[in-house]
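Peer 1: Have a look at this one before I ask anything.
The values are calculated or read from the model by the stated rules, or taken from the named source; none is laboratory data. No experiment lies behind these values; they were computed from the predicted model shown. Every residue, glycine as well, gets a Cβ built from its backbone with ideal geometry; the counts of neighbours run over all protein chains shown. Remember, those area values only see protein heavy atoms, side chains included, never the ligands or the DNA or RNA. Shrake-Rupley method; radii C 1.70, N 1.55, O 1.52, S 1.80 Å.
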Amino acid sequence: MDQFTINLLFVGASFAVYIGIAIWARAGSTSEFYAAGRGVHPVTNGMATAADWMSAASFISMAGLIAFTGYDNSTYLMGWTGGYVLLALLLAPYLRKFGKYTVSEFIGDRFYSPTARLVAVIALLVASITYVIGQMTGVGVAFGRFLEVSNTAGLLIGACVVFAYAVFGGMKGVTYTQVAQYVVLIMAYTIPAVFISLQLTGNPIPALGLFGDHAASGTPLLEKLDQIVAELGFNEYTTHHGDTFNMVLFTLSLMIGTAGLPHVIMRFFTVPRVADARWSAGWALVFIALLYLTAPAVGAMARLNITELFWPNGTDAQAVSVEQIATDPAYDWMETWQQTGLLGWEDKNGDGRIQYYNDASPEMQARATEQGWAGNELTNFNQDILVLANPEIANLPGWVIGLIAAGGIAAALSTAAGLLLAISSAVSHDLIKGSINPNISEKNELLSARIAMAVAIAVATYLGLNPPGFAAQTVALAFGLAAASIFPALMMGIFTKVNNKGAVAGMISGLVITIIYIFLHKGWFFIPDTNSFTDADPLLGTVKSTSFGAVGAMINFAVAFTVSKMTESIPQEIEDLVESVRVPRGAGAAQDH
């Protein structure tokens, strides 16, 4: 059986399960569409939350970013994991006790202002649409490779699949679909990692193998990796090379952005009691840790495998020949990925070999001149393909490649569905019912939610064709937007007495300034070549666009407290409401909508 058929079997079987679950759990009411009827068990919800959380950025892109940068990109792990702890401790239980369906509804009621609710809806839409661009980018990468079509065709196919099960199932269908997707994606991520760890270190636990010895040379794996990348002119893998201030800001931005993401917060509205919200968060952290503890090992081992494939006899010997790439089965993955447009190489100097090295390094430029090289000949290696290509690079069995195909697609689809649900809820429940037509029937509200989700899929698919970065980088921009707008409003709503004018002014200030900073670096509305700065040469010192969310959050807090101090105090009934949410009394019986 050929690899394409194996891929189809794994991907097709997983799709059949997802769509079957969506039909079985089809939402019949707004309560089921928005909050799964508030009857989800904490363990089930924790698993669904983990799948919702571990998106294309975590599954497909994060290990690639770590692999090609090393220690400096461990910020993704620290920020995303730390943010989840913030969410579990500071927000989830209190928001569940408040008992509403959406984040915007909480902000509107807490700050006793339709305007605050509308601004929250806008912030949610901006962050969620930016986030879903990253997911659709991952969908295109995964479908393109494993269905052996172009990246664009893969993106369009993935959009149709998301539409099929997310639009009809709502939160109820998405919850149980995400449980199945978690099982698929965690098996797909860890099984190849175990194989590769055994190959390189003899240790079946990747996280331990990362700190073990390289079996072929007997030297520590990370020391071997540092040596080989340094010899090719790249930065040492385990050393910090970036700007520390930007690194801290970026980690903080990811942390508070994580805690402000609407599609994750919505998951805690689905459990019966406040105590269940805490247990859900705990279980989700356990399920997330299974992947996050493995990701650094996947990145390091993949980088070593790739480098050794291009220099099979060591960096002091000749590079791999074009003939070997064309005839050796160990290199079949290169031709397959080349068809997607995400991998490319060129024999620039016509010597019949492909030299992979850092041609920006002065030391390597001198060696290149001496050897007659004409520059780095691995002309395109999209970092988003690394995890999906990893089993092929390591020459693992066909069924492992098929499994990771299903896992990569599951990761992208699970988060895309959660984000689209957050978008549709914001439009139908907060915008249409909350502001435009409060008397809308439940049937029409469900219809408007599904139409909003379909439109969001179309917009995200269009933008996914020309994303502003790799999947994880695009997602980092969304986290910055959530950090600058939603997280401060939630924190002030629960723990302070900031009034409605302060909250609105803070959210607008944080969101607008952050959007402008991102557009200045990534292009206006992400249109290529409309940017004035780049992250390599940012506007403010060393602060990159992906790190600015933390600055936006500080601006939000400062403006909100200043405006609130200059205007009237909050009404007594709102003060009582804040106390009732924050104080544990009666926590077991959360309010219903």
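Peer 1: Filter the helices (runs of 4 or more DSSP H) completely within region 264-351 down to those with at least 3 residues that are closer than 23 Å to Asn395 by Cα, open to solvent by less than 10 Å² (accessible area, probe 1.4 Å) and touching a residue at least 60 places away in the same chain (Cβ under 8 Å). Reasoning before the result, please.
Peer 2: Details: elements: 274-292, 295-310, 322-327, 332-338.
Fully inside region 264-351 and qualifying: 295-310.
Peer 1: Still on this structure, please answer the following. Going through Ala550, Ala503, Ala558 one at a time, which residue ends up being part of a helix (DSSP H, G or I), open to solvent by 30 Å² or more (accessible area, probe 1.4 Å) and closer than 30 Å to Phe245 by Cβ?
Peer 2: Numbers: Ala550 fails: open to solvent by 30 Å² or more (accessible area, probe 1.4 Å); Ala503 fails: open to solvent by 30 Å² or more (accessible area, probe 1.4 Å).
Step by step, each of Ala550, Ala503, Ala558 is checked, and only Ala558 is part of a helix (DSSP H, G or I), open to solvent by 30 Å² or more (accessible area, probe 1.4 Å) and closer than 30 Å to Phe245 by Cβ.
Peer 1: Looking at region 496-518, is at least one residue under 25 Å from Val578 (Cα atoms) and under 17 Å from the mean Cα position of the chain (by Cα)?
Peer 2: No, there is no match, as no residue in region 496-518 is under 25 Å from Val578 (Cα atoms) and under 17 Å from the mean Cα position of the chain (by Cα).
Peer 1: State all residues of region 60-94 that are open to solvent by less than 30 Å² (accessible area, probe 1.4 Å) and of a type in the set (A, V, I, L, M); if no residue qualifies, say none.
Peer 2: Passing the criteria: Ile60, Met62, Ala63, Leu65, Ile66, Ala67, Leu77, Leu87, Ala88, Leu91, Ala92.
Peer 1: Another question, if that's okay. All but one of (1) modelled with pLDDT of 95 or more; (2) of a type in the set (A, V, I, L, M, F, W, C); (3) outside any helix (DSSP H, G or I) hold for Ala590; state the number of the condition that does not hold.
Peer 2: (1)
Matching residues to (1) out of contact with any Phe, Trp or Tyr (no Cβ under 7 Å at 6 or more places or on another chain); (2) over 17 Å from Ser197 (Cα atoms):
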{"site": "Gly282", "(1), (2)": "yes, yes"}
{"site": "Leu285", "(1), (2)": "no, yes"}
{"site": "Thr294", "(1), (2)": "no, no"}
{"site": "Leu304", "(1), (2)": "yes, no"}
{"site": "Glu308", "(1), (2)": "yes, no"}
{"site": "Gln318", "(1), (2)": "yes, yes"}
{"site": "Thr327", "(1), (2)": "yes, yes"}
{"site": "Gly344", "(1), (2)": "yes, yes"}
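Peer 1: While we're here: Which one of Val248, Val194 is free of Cβ contacts under 8 Å to residues at least 60 places away in the same chain and closer than 18 Å to Phe59 by Cα?
Peer 2: Working: Val248 fails: closer than 18 Å to Phe59 by Cα.
Residue meeting the stated conditions: Val194.
Peer 1: On to the next question. Restrict the check to region 75-83 and report whether at least one residue is small (Gly, Ala, Ser), part of a helix (DSSP H, G or I) and under 30 Å from Gly233 (Cβ atoms).
Peer 2: yes
Peer 1: Quickly run through region 224-272 and pick out the residues that are of a type in the set (D, E, K, R) and touching a helix residue (DSSP H, G or I) at 6+ places or on another chain (Cβ under 8 Å).
Peer 2: Filtering region 224-272 for residues of a type in the set (D, E, K, R) gives 224, 226, 231, 236, 243, 267.
Across region 224-272, the qualifying residues are Lys224, Glu236, Arg267.
Peer 1: Specify which of the listed residues (Thr307, Thr270, Thr294) is under 19 Å from Ala216 (Cα atoms) and hydroxyl-bearing (Ser, Thr, Tyr). Give the derivation first.
Peer 2: On the way: Thr270 fails: under 19 Å from Ala216 (Cα atoms); Thr294 fails: under 19 Å from Ala216 (Cα atoms).
Residue meeting the stated conditions: Thr307.
Peer 1: Same structure, new question: Name the one entry in Ser428, Ser435, Ser485, Ser414 that is open to solvent by less than 20 Å² (accessible area, probe 1.4 Å), more than 18 Å from the chain's Cα centre (by Cα) and in contact (Cβ under 8 Å) with a residue 60 or more places away in the chain.
Peer 2: Working: Ser428 fails: in contact (Cβ under 8 Å) with a residue 60 or more places away in the chain; Ser435 fails: open to solvent by less than 20 Å² (accessible area, probe 1.4 Å); Ser414 fails: more than 18 Å from the chain's Cα centre (by Cα).
Result: Ser485 is the single residue among Ser428, Ser435, Ser485, Ser414 that is open to solvent by less than 20 Å² (accessible area, probe 1.4 Å), more than 18 Å from the chain's Cα centre (by Cα) and in contact (Cβ under 8 Å) with a residue 60 or more places away in the chain.
Peer 1: Could you give every pair whose Cβ atoms fall below 9 Å, whose first residue belongs to region 527-551 and is closer than 11 Å to Ser253 by Cα, and whose second residue is among the basic types (Lys, Arg) and assigned to a helix (DSSP H, G or I), counting only separations of at least 6 or pairs across chains?
Peer 2: Ser545/Lys522
Peer 1: Could you pull out the residue among Met255, Met247 that is at pLDDT 85 or above, more than 14 Å from Gly82 (Cα to Cα) and either buried (at least 20 other Cβ atoms within 10 Å of the Cβ) or not small (Gly, Ala, Ser) (or both)? Don't jump to the end; show me each part of the working.
Peer 2: Details: Met255 fails: more than 14 Å from Gly82 (Cα to Cα).
Matching residue, one of Met255, Met247: Met247.
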